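The values are calculated or read from the model by the stated rules, or taken from the named source; none is laboratory data. Since the model is a prediction, treat every value here as computed from it, not as a measurement. We place every Cβ from the backbone using ideal geometry, glycine too, and count neighbours over all the protein chains shown.
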Amino acid sequence: MERLLEAGAEELVVWVAVLAVLAAVAIYVIGKVRAKAVQQEPTASKLMSKFRELHSRGELTDAEFRTIKTALAAQLQEELKDNGETG
């Protein structure tokens, strides 16, 4: 730490630049990882179809299905809005 305090202005500029580059690379990598994770999530409409199928086969009770529909309602509305549909 003492070495950094005694360093010249040029050396401090180099270290700050190195840290800035490392931060930029880290932000880029995190952004790519998060984007990939978001792409892999099923849409609310696909989830709803799956749960509707489970309900029709008797694997979900009416109460469970209603709870799931309520939980997915906001997400479904967003998807419809994003697609330019109404409903």
Going through the stretch 51-70 in order, the residues found to be in a helix (DSSP H, G or I) and surrounded by 12 or more Cβ atoms within 10 Å (Cβ to Cβ) are F51, R52, L54, H55, E64, F65, R66, T67, I68, K69
Between residues in the stretch 31-46 that are in a loop (DSSP other than H, G, I, E, B) and residues that are at pLDDT below 85 and surrounded by 10 or more Cβ atoms within 10 Å (Cβ to Cβ), which pairs lie under 7 Å by C-beta distance while being six or more apart or on different chains?
T43/E79
Being of a type in the set (G, A, S) and within 21 Å of the chain's Cα centre (by Cα) is the filter here; which residues of the stretch 50-87 pass it?
A71, A73, A74
For the stretch 4-35, enumerate the residues that are at pLDDT below 75 and out of contact with any Asp or Glu (no Cβ under 9 Å at 6 or more places or on another chain).
L5, E6, A7
Could you pull out the residue among Q40, Q77 that is surrounded by 12 or more Cβ atoms within 10 Å (Cβ to Cβ), on the phi < 0 side of the Ramachandran plot and polar (S, T, N, Q)?
Q77
